[in-house]
Amino acid sequence: MSITLKQDHEALRVMMREFAHVMRTSGIEALPDIARKRIAFSQLFREHMGREDACALALRDGHLAAQADPLLREHGRAIRALFLLYSDHIKYWTPTLIAQDWSGYLEAVLALQGELAERMAWEERNLHPLMDAQPRRAA
């Protein structure tokens, strides 16, 4: 299952790079494109979180539960914090405010992207190896 999560991570990274590129190379005329990219990113992120939660549950119930538990607790706290940051970011950065403060929005986007990139790297180092070690369940 971590293969799917890794594919999600790569797709999220690509979306983040494309978003940052549009922000750096365009101006307010890109706002409709930015809005579409925000929605697409949000949809993929939510789908990914559902898949990740299912994998975490399998780890909690599996033979590596004792090893996984502290990592899953840490991960849960970090993901909740990141989700709250993302939620606040979306609420704060309305299209009107983005138009008024393009450079401020870019700075906020890059900071949030950095947080997510760090979290995905942590997951790949710490959780994905445990997920890969889980025996496959029969379908």
- Task: Search segment 115-136 for residues that are within 19 Å of Y86 (Cβ to Cβ) and pair each with any residue that is of a type in the set (G, A, S) and modelled with pLDDT of 90 or more when their beta-carbon atoms are under 7 Å apart and the residues are at least 6 apart or on different chains.
- Result: R119/A78
- Query: Inside segment 21-48, can you point out the residues that are under 20 Å from H9 (Cα atoms), loosely packed, with under 13 Cβ neighbours inside 10 Å, of a type in the set (D, E, K, R) and free of Cβ contacts under 8 Å to residues at least 24 places away in the same chain?
  - Reply: R36, R46
- Message: Let me confirm something: among W122, W102, which residue is modelled with pLDDT of 95 or more and of a type in the set (F, W, Y)?
- Response: W122
- Message: Yes or no: segment 49-63 includes at least one residue that is free of Cβ contacts under 8 Å to residues at least 40 places away in the same chain, within 21 Å of R13 (Cα to Cα) and touching a His at 6+ places or on another chain (Cβ under 9 Å).
- Response: no
- Query: Among L57, L97, which is the only one that is assigned to a helix (DSSP H, G or I), more than 21 Å from G114 (Cβ to Cβ) and more than 11 Å from the chain's Cα centre (by Cα)?
  - Reply: L57
- Take L110 and decide whether it is within 18 Å of R38 (Cα to Cα) and assigned to a helix (DSSP H, G or I). yes
- Within the bounds of segment 17-37, is there any residue that is assigned to a helix (DSSP H, G or I), among the hydroxyl-bearing types (S, T, Y) and touching a helix residue (DSSP H, G or I) at 6+ places or on another chain (Cβ under 9 Å)? no
- Note on the structure: The residue from L12, L57, L5, L84 that alone is surrounded by fewer than 14 Cβ atoms within 10 Å (Cβ to Cβ) and under 25 Å from L110 (Cβ atoms) is L84
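The values are calculated or read from the model by the stated rules, or taken from the named source; none is laboratory data. Given the structure is predicted, the values throughout are model-derived calculations rather than measurements. Here Cβ is always computed from backbone atoms with ideal geometry, including for glycine, and neighbour counts include all displayed protein chains.
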